Amino acid sequence: MKRQNFLLFFSLPFLGLVVLFFVSSSLNRLFIQNRVEALVEEQLQATSDILKTHLAHLLDESPAGESIFPLYSGEEDIYFMALLDEERNILGWSSRFEGYLPLSLRDAESQRSWILESPAGPILNLFSPFPGPEGNAYFLYLGYSLNSLDIMLARSRRFFWIVLVILSGVGILFFAGMYRLQDRYIQKTRELEKQTREKERFREISAFTSGVAHEIKNPLNSLSLLCDLVEKKVPDELRRDAQAGKSEIRKISRIIDQFSATLKPLRLSKERFALDDLAREKRETFLKESGLAGGSLTVDGDMSVFIYADRDLLGQVLDNLLKNAHEAAPRGRIVMTCRKQKKAAVLKVLDAGPGIKREDLPHVFDPFFSRKPEGLGIGLYLSRKIIEAHDGDMLVTSEPGRGTEFAIRLPGG
């Protein structure tokens, strides 16, 4: 999946989920508000009916409204109340607004109940008539505070934003995780495609090289026999030329063998052995062949590092690394270390040479890449091929003027 399609695939459903959550929360709050207001209005209507009945009896005994409302001044549910006569004159009233009665006769004419915004919050008003003594009409005006509803809606809004932030954070984390997984998947896919192309290319090269090697080997053998015959029959002054010809023939044959060995599939013959024993063995062999002093090559090994691998092939890798280190710094010191890191064995070869140029560092393991005058660029490629056949990896770090370090990591340390 392309990155643009990936962004659309995950971002659009996530945005849709956020919008759905926002709409559903808004509708839920609106439903709660309307439902609570309806319940409060029903409760206020019931309270109004009770009060109107009681007021009708009290008006029979005391027509003065001022003597009636002190009886209801302690009513907690009612925020304010007023009694009006038939001509809408206020006969008596009680209010928690410190002497202020928020009554609008214009609203009372147009509707029976309404919500009034006040400094104390929203208040539900109810204006209803009732019959009094001697057939006179009276009006009862009640106000019920909706402050608790306002507090509940405010808490609901805060809860909504908290949930939205949490949902967004989780969505962003999930999206980031999926994006990283998809990015890794793309990288792995590209690597697999690259490896597939390389395998196909080297399969073709292997088939071509095998055919060329077969066709060249026979003439080379004939030339070698001819040089032996010429060397026996020519004068002494030409014998050296015949020997030089044989040497070049052997060199060509060796190059063909190296190419063939590089392109052939590896067959591992594994055994269990101590990695530091192999390192010390290769140290002794290398010192004898190169004629170096013992202090030129040191081994710092952990005796508990055992691996299950092909001893001969790993020895071939060490031979190649030691040879390269010696060629990089003929008089410099070479250090080999063997360590156990978690469930892996790590072997490092460090030289004191001039280092590898930064532009060449990514290509040191490429086949046929070499900066040496007589190098073929096969040794390091074959070495990494051997390590990867053991399910390990091989890394190189180098800085110009500070030497080069090759690190081999093998499983089962």
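The values are calculated or read from the model by the stated rules, or taken from the named source; none is laboratory data. Keep in mind the model is a prediction, meaning the values are calculated, not measured. In this analysis, Cβ positions are derived from the backbone assuming ideal geometry, glycine residues included, and neighbour counts consider all displayed protein chains.
Observations
- Single residue of region 260-269 satisfying the filter (assigned to a helix (DSSP H, G or I) and over 39 Å from the mean Cα position of the chain (by Cα)) that is modelled with the highest pLDDT: S260
- When the strands (runs of 3 or more DSSP E) confined to region 110-154 are screened for residues that are assigned by TED's automatic domain parsing to the domain that holds V40, in contact with a strand residue (DSSP E or B) (Cβ under 6 Å, 6 or more places away or on another chain) and over 21 Å from I32 (Cβ atoms), those reaching at least 2 such residues are found at 121-131, 137-145.
- For region 227-253, a residue qualifies if it is over 16 Å from I216 (Cα atoms), among the aliphatic types (A, V, I, L, M) and assigned to a helix (DSSP H, G or I), and the qualifying residues are L229, V230, L238, A242, A244.
- D312 satisfies every condition listed in (1) within 35 Å of the chain's Cα centre (by Cα); (2) under 20 Å from A279 (Cα atoms); (3) not small (G, A, S) except (1).
- Pairs, first over 26 Å from V18 (Cβ atoms) in region 175-203, second assigned to a helix (DSSP H, G or I) and of a type in the set (A, V, I, L, M, F, W, C), C-beta under 8 Å, six or more apart: F202/L263
- Taking residues in region 386-413 that are of a type in the set (D, E, K, R), and partners anywhere that are in a loop (DSSP other than H, G, I, E, B) and surrounded by 15 or more Cβ atoms within 10 Å (Cβ to Cβ), the pairs with Cβ atoms closer than 7 Å and at least 6 places apart or on different chains are E399/G355; R402/G355; R409/G392.
- Restricting F159, F130 to residues that are under 29 Å from L27 (Cβ atoms), at pLDDT 75 or above and of a type in the set (A, V, I, L, M, F, W, C) narrows the list to F159.
- Lone unmet requirement of (1) outside the structural domain of L101 (by TED's automatic domain parsing); (2) under 30 Å from S113 (Cα atoms) for V163: (2)
- Test: residue in region 26-33 that is small (G, A, S), modelled with pLDDT of 75 or more and part of a strand (DSSP E or B): no
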